[in-house]
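Colleague: Can you keep this structure in mind? I'll have questions shortly.
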Amino acid sequence: MLKGENPVAEYIKGSWLKQFLDRLQEPERGAFETDYRARVRAAYPAEPDGHTLFPFRRLFIEAQRAG
């Protein structure tokens with residue numbers, strides 16, 4: 001559960017989205033980010049208590065060395 005005005009967009013902006021934004025120049029960068037934030041807000045609406053559920057799959061791998 002995330003909290004904030006558009007928490008999923010903020011969460012992704014620091015990791016996955018950065019690689020796309022870094023390749024764009026203004027004004028395309030601003031337009032892309034504005035459109036992206038609007039779409040994310042629509043896809044992940046806030047719950048009545050103000051929190052936003054952001055479910056995603058996680059992959060956990062465990063390994064052991066032989067010997």
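Quick note: the coordinates plus some simple rules give every number you see, no bench work behind them. Small disclaimer: the values here were computed from a predicted structure and weren't measured. With ideal geometry, Cβ positions are generated from the backbone for all residues, glycine too; neighbour counts draw on all protein chains shown.
Colleague: Just need a number here: residues in region 1-24 that are more than 22 Å from Pro48 (Cα to Cα), surrounded by 14 or more Cβ atoms within 10 Å (Cβ to Cβ) and charged (D, E, K, R).
Modeller: The number of residues fulfilling the criteria is 1.
Colleague: Quick check on this structure: which one of Pro45, Pro7 is in contact (Cβ under 8 Å) with a residue 12 or more places away in the chain and touching a strand residue (DSSP E or B) at 6+ places or on another chain (Cβ under 9 Å)?
Modeller: Pro7
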